[in-house]
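Written below as structure tokens is the structure these notes are about.
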Amino acid sequence: MISVLIPVYNRPQMLSQAVESVLAQSYRDFELIVIDDGSTQDLSAVRDRVERAGHAFIRKERGGVAAARNAGIEKASGLWIALLDSDDYWHEKKLARQVQFHAEHPELKLSQCEERWHRHGKRVNKKLYHAMASGEAFKPSLERCCISASSIMLHREVFEDVGVFDEQMAVCEDYDLWIRVTRKYQIGLIDEELIFKFGGHEDQLSQSQPAMDRFRAYALVKLLTEADLTNEQRQMVKAEAEKKILVLRQGAQKHAPQMVPLYNDLLDNLSSGDTHTALHELRSVLMEALPHSK
């Protein structure tokens, strides 16, 4: 069975459409779990629809998207787990195609599908930069988030192996998870547009880009302190962390000069190849400099 998780944490306006796209799946061996992360909107109609269809609706105190997804993972009973954001929806054959894909590729523990993007009612063509990950995806995942939360389906043992979403991550919690996943697992890609995404992409992200860059740097440093990396992986992570911190330092020189010494210290520590303990301390220093809310 597949457990489908929809966290409602920010923009529930399209939640009904997301729910209906799951209930309309041609593949029927699934459970749907909607997690209301302290929304202030009236979701009673959606809750009634979900529960009348025999599925679960959870309401919890607001804790952020990572906490909402983790609550769903904890409740999920399926061997496979699929995620869907509340402002996206699926093609009716989405789950069926992924089930078929994994039957044909039993060695793979996770897969994603191509997406169709829409912004302001018009279709948006993706650039080559936005290519979705396939196969060995660790290096591209360090550079940017190239796995889609609304597209991914993964085996439960992946979470058991690398852990769940980091609830300290106010943003980029998916980036943090995917770099932990792709250092150990390859990912399959179904070359069909089975996900429909609405709203902004680059324009939305740019509104919080400095915070996102800080959290990505934090995730990279955390990986250095916690993960059993190969020498090659460690060098890639270190190089990408230094690259992101250099960008942050450049921005701080114009907009937040008080942060420049912190970024200089981070670069010095990374460059010197300090011990695990020093890197663990570096993680704490970096986290103090980050915003803790969206």
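The values are calculated or read from the model by the stated rules, or taken from the named source; none is laboratory data. No experiment lies behind these values; they were computed from the predicted model shown. Quick reminder, even Gly has a Cβ in these numbers, built from the backbone with ideal geometry, and neighbours come from all protein chains shown.
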Yes or no: Val124 within 14 Å of Ile195 (Cα to Cα) and either modelled with pLDDT under 95 or outside the structural domain of Gly38 (by TED's automatic domain parsing) (or both)? yes
When region 74-116 is examined, which residues are found to be under 17 Å from the mean Cα position of the chain (by Cα) and part of a strand (DSSP E or B)? Trp80, Ile81, Ala82, Leu83, Asp88, Tyr89, Leu110, Ser111, Gln112, Cys113, Glu114, Glu115
Working only within region 225-240, note down all residues that are modelled with pLDDT of 90 or more and either in a helix (DSSP H, G or I) or among the charged types (D, E, K, R) (or both). Asn231, Glu232, Gln233, Arg234, Gln235, Met236, Val237, Lys238, Ala239, Glu240
Among the residues of region 159-184, which ones are more than 22 Å from Gly64 (Cβ to Cβ) and surrounded by 20 or more Cβ atoms within 10 Å (Cβ to Cβ)? Thr182, Arg183
Working only within region 29-49, note down all residues that are within 11 Å of Ile6 (Cβ to Cβ) and among the β-branched types (Val, Ile, Thr). Ile33, Val34, Ile35, Val46
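So that you can scan it fast, the table gives a plain yes or no per residue for (1) among the small types (Gly, Ala, Ser); (2) over 25 Å from His155 (Cα atoms); (3) touching a Lys or Arg at 6+ places or on another chain (Cβ under 7 Å):
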position	(1), (2), (3)
Leu5	no, no, yes
Ser21	yes, no, no
Ser26	yes, no, yes
Ile33	no, no, yes
Asp37	no, no, yes
Thr40	no, yes, no
Phe57	no, no, yes
Glu92	no, no, no
Leu95	no, no, no
Among the residues of region 40-73, which ones are over 18 Å from Glu20 (Cβ atoms), in a loop (DSSP other than H, G, I, E, B) and among the small types (Gly, Ala, Ser)? Gly63, Gly64
If you check Ser134, Ser151, which single one turns out to be among the polar types (S, T, N, Q), surrounded by 22 or more Cβ atoms within 10 Å (Cβ to Cβ) and either at pLDDT 85 or above or not assigned by TED's automatic domain parsing to the domain that holds Tyr89 (or both)? Ser151
When you scan region 16-42, how many residues do you find that are farther than 20 Å from Gln100 by Cβ, touching a strand residue (DSSP E or B) at 6+ places or on another chain (Cβ under 6 Å) and not acidic (Asp, Glu)? 7
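The rows are residues; the columns are (1) free of Cβ contacts under 8 Å to residues at least 12 places away in the same chain; (2) of a type outside the set (D, E, K, R); (3) touching an Asp or Glu at 6+ places or on another chain (Cβ under 7 Å).
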| position | (1), (2), (3) |
| --- | --- |
| Leu15 | no, yes, no |
| Gln25 | no, yes, yes |
| Val34 | no, yes, no |
| Arg49 | no, no, no |
| Lys60 | no, no, yes |
In region 165-196, what residues are β-branched (Val, Ile, Thr), under 11 Å from the mean Cα position of the chain (by Cα) and not in a helix (DSSP H, G or I)? Val171
Of the numbered conditions (1) closer than 30 Å to Asn231 by Cβ; (2) of a type in the set (A, V, I, L, M); (3) modelled with pLDDT of 95 or more, Leu95 satisfies every one except a single condition; which is it? (1)
Restricting attention to region 87-104, does a residue exist that is of a type outside the set (Ser, Thr, Tyr), touching a residue at least 12 places away in the same chain (Cβ under 8 Å) and within 20 Å of Tyr175 (Cα to Cα)? yes
